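The values are calculated or read from the model by the stated rules, or taken from the named source; none is laboratory data. Just so you know, these numbers come straight off a predicted model, no measurement behind them. Glycine gets a Cβ as well: all are built from the backbone with ideal geometry, and neighbour counts include every protein chain shown. Keep in mind that these areas ignore ligands, DNA and RNA; they rest on the heavy atoms of the full protein, side chains included. Shrake-Rupley method; radii C 1.70, N 1.55, O 1.52, S 1.80 Å.
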Amino acid sequence: GCVKVHSVDTLQLYHNLKGGHRGGINCIKLSSDGEILVTGGEDATCRLWTIDHDALASAITDGFVESLNREAEDDEISCCHVLLGHVTPICCVAICTKLDVVVSGSEDGSICVHNIRSGE
């Protein structure tokens with residue numbers, strides 16, 4: 001799967017994230033504050049990403065962060081958690097940072113509620 005991040009004003013490509021999901025990305029949701037992104041994929045996982053916020057990434061992961069943009073020092077996007085619990089591809093995701101949850105739904109009709117901070 002691949003996530004591309006573009007400028008809204010100029011459409012300039014800022015990031016081209018590869019290597020996150022094994023297979024396609026079916027859904028994507030940005031938190032209301034614009035700091036956390038969640039993706040859901042064909043591989044039956046969700047991935048939690050922080051956008052340009054190293055301190056938040058470290059806080060969520062207790063210091064372990066997989067950076068996907070090693071060339072630039074700014075505008076970094078980091079994968080903080082791989083959220084498990086489904087056995088079929090993810091078809092929808094929602095995120096609420098105020099409640100500290102990500103909710104995901106898969107093709108078999110199951111729903112998982114994940115904690116943002118713990119990834120469980």
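Residue count for region 37-51 under the criterion of being modelled with pLDDT under 90 and either open to solvent by 10 Å² or more (accessible area, probe 1.4 Å) or out of contact with any strand residue (DSSP E or B) (no Cβ under 7 Å at 6 or more places or on another chain) (or both): the result is 2.
Table: residues versus (1) touching a His at 6+ places or on another chain (Cβ under 8 Å); (2) open to solvent by less than 50 Å² (accessible area, probe 1.4 Å); (3) modelled with pLDDT of 85 or more; (4) part of a strand (DSSP E or B).
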site	(1), (2), (3), (4)
Glu71	no, no, no, no
Ser78	no, yes, no, yes
Gly85	yes, no, yes, no
Ile95	no, yes, yes, yes
Val102	yes, yes, yes, yes
Gly109	no, no, yes, no
Gly119	yes, yes, no, no
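Of all the criteria given as (1) out of contact with any Lys or Arg (no Cβ under 9 Å at 6 or more places or on another chain); (2) at pLDDT below 85; (3) assigned to a strand (DSSP E or B), the one not satisfied by Asn16 is (1).
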